[in-house]
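Values quoted throughout were computed directly from the atomic coordinates according to the rules given, and no laboratory measurement underlies them. Owing to the predicted nature of the structure, the values given are computational and were not obtained by experimental measurement. For neighbour counting, all protein chains shown are included, and Cβ atoms are generated from backbone atoms with ideal geometry for every residue, glycine included.
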Ligand SMILES: [Zn+2]
């Protein structure tokens, strides 16, 4: 994913997940005149038989898109709510090392819902197994869209291009 897509009001179309598209999609926006390029990758050029262009890093849409402020129940959003910390032992995890843990295990009828799912490192997750008596330090909770945006701001964004920082204030 390479190009940040801004709404016509100059804020990202979406923050969670961040509205970014592949370079192919960005060039499609350009060719179909759906957006205007604000920033380019200086050192990234793509070519076809008939044309060549730098890859857009930031584009602004010509038409306003309605913003969504609903959040999906997803592993990534659970990890974000928990600030990528194991809720049992407190160590930091990454999206690769984090596991989703059901506080009341699924084998005991535990559901995949916000207030039954939490972030665990693989150690704690395997130690816990199907034991419903091992509980996290903080009970899981249902965040709003803005809770998660705050968490994302606190943890920082992954910037594919340094200019993105200017649009993520
Ligand atoms: Zn742990």
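Of all the residues in the stretch 118-137, those that are surrounded by 11 or more Cβ atoms within 10 Å (Cβ to Cβ), within 15 Å of the ligand (Cβ to nearest atom) and either over 19 Å from the mean Cα position of the chain (by Cα) or in a loop (DSSP other than H, G, I, E, B) (or both) number 11. For the stretch 91-117, a residue qualifies if it is assigned to a loop (DSSP other than H, G, I, E, B), more than 13 Å from the ligand (Cβ to nearest atom), touching a strand residue (DSSP E or B) at 6+ places or on another chain (Cβ under 8 Å) and under 19 Å from residue 148 (Cβ atoms), and exactly one does: 112.
Would you check if there is a residue in the stretch 62-83 being touching a strand residue (DSSP E or B) at 6+ places or on another chain (Cβ under 6 Å), within 19 Å of residue 168 (Cβ to Cβ) and buried (at least 17 other Cβ atoms within 10 Å of the Cβ)? No, the stretch 62-83 has no match at all. Quick check: is even one residue across the stretch 77-90 part of a strand (DSSP E or B), within 16 Å of the ligand (Cβ to nearest atom), touching a helix residue (DSSP H, G or I) at 6+ places or on another chain (Cβ under 7 Å) and farther than 28 Å from residue 19 by Cα? Within the stretch 77-90, not a single residue is part of a strand (DSSP E or B), within 16 Å of the ligand (Cβ to nearest atom), touching a helix residue (DSSP H, G or I) at 6+ places or on another chain (Cβ under 7 Å) and farther than 28 Å from residue 19 by Cα. Residues in the stretch 92-116 that are in contact (Cβ under 8 Å) with a residue 40 or more places away in the chain and either crowded, with 16+ Cβ neighbours inside 10 Å or touching a helix residue (DSSP H, G or I) at 6+ places or on another chain (Cβ under 8 Å) (or both): 114 only. Selection within the stretch 21-43: residues that are in contact (Cβ under 8 Å) with a residue 24 or more places away in the chain and not in a helix (DSSP H, G or I). The member of this set that is surrounded by the most Cβ atoms within 10 Å (Cβ to Cβ) is 35.
When residue 46 is tested against (1) without any contact (Cβ under 8 Å) to a residue 24 or more places away in the chain; (2) touching a helix residue (DSSP H, G or I) at 6+ places or on another chain (Cβ under 8 Å); (3) surrounded by 17 or more Cβ atoms within 10 Å (Cβ to Cβ), exactly one condition is not met: (3).
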